[in-house]
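These notes are about the structure you will find just below.
No lab work stands behind these numbers, since they all come straight from the coordinates. Only a predicted model underlies this, so the values are computations on that prediction, with no experimental measurement involved. Using ideal geometry, Cβ is built from the backbone for each residue, glycine included, and neighbour counts are taken over all protein chains shown.
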Amino acid sequence: MGFFIAPIHSVRQSFLSSVANASKGLYYAIRTQRNLKIQFVIAILAIITGLWLKITRLEWAAIWLCIGLVIGLEIMNSAIETLLNKLHPGHDPEIGKAKDLAAAAVWIASIASLFTGLYIFLPRLMYR
């Protein structure tokens, strides 16, 4: 049995399809998820604050990682909830636990991001 090497054209097409599907998912999430909208507003405020305070490249890296982590986990949480609601529309305590666990992941990332933001921004604001 030999190895199959996909032509560059099909790899590019597959990549573009993946990007298009991910973009549809992001657009859907922004349109329908209230918490995601709030997190985007907070992310924009963090970016504006970082620009205003002229934070370092390393601090920018921490801010971007926090933004990506929280938004990524929120989208994953929404995907899990959507799937579980479809698979089991009624109330089930075990399904509720799974949803709570996914929400807890977002909450922990949000709290860690809050402390990261305070660590970066607070000293600059206090001594400005």
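For residue 105 and residue 22, what does the FRET efficiency come to when R0 = 30 Å and r is the distance between their Cβ atoms, rounded to the nearest 0.05?
Numbers: r = 20 Å, r/R0 = 0.66.
Given R0 = 30 Å and the Cβ-Cβ separation, E is 0.90.
Using C-alpha positions alone, give me the convex hull volume of the chain per residue in cubic angstrom. Working shown, then result.
Values: hull volume 24.0 nm³, N = 128.
So the per-residue hull volume is 187 Å³.
Calculate the spin-label point distance for residue 98 paired with residue 83, positioning each point 7 Å from the Cα along the beta-carbon direction, and give it in nanometres.
Simple spin-label model gives 0.8 nm for this pair.
So for the chain, if I pair up every lysine 8 or more residues apart or on another chain, how many of those pairs have alpha-carbons under 29 Å apart?
Lysine pair count for the chain: 10.
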